[in-house]
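Here's the structure we're looking at; comments come further down.
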């Protein structure tokens, strides 16, 4: 369910990121890229699992979550609950849908961003840095 691996010490922004994605191949690819960037990572396959990780790991700085997930909650619901439990937690949501199709009420908050699929590694890196630096 979750894993952790130390990233490159030369990362421009040292942080720990929780990747929440129901597709194992997509989750593994995201974790691989984030580790290349130098971030520490944790993984979760759905919202409830992500909340469990957040409860047990206080050092997580940012949650990177897909918007569309099966089971109990989607990415917006997860982001709201995660920030209720951990005020100030930074969140980057991702989706293949257009921004017009998304409930944007959460996206106006500080520390929350959106990146649409497909995205390139440089775009992801810049978005993460912008959110982490506030």
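Descriptive notes on the structure:
- Test: residue in region 14-32 that is over 19 Å from residue 114 (Cα atoms), over 14 Å from the mean Cα position of the chain (by Cα), part of a loop (DSSP other than H, G, I, E, B) and modelled with pLDDT under 95: yes
- Residue count for region 33-64 under the criterion of being part of a helix (DSSP H, G or I) and farther than 17 Å from residue 93 by Cα: the result is 7.
The values are calculated or read from the model by the stated rules, or taken from the named source; none is laboratory data. Source: prediction; values computed, not measured.
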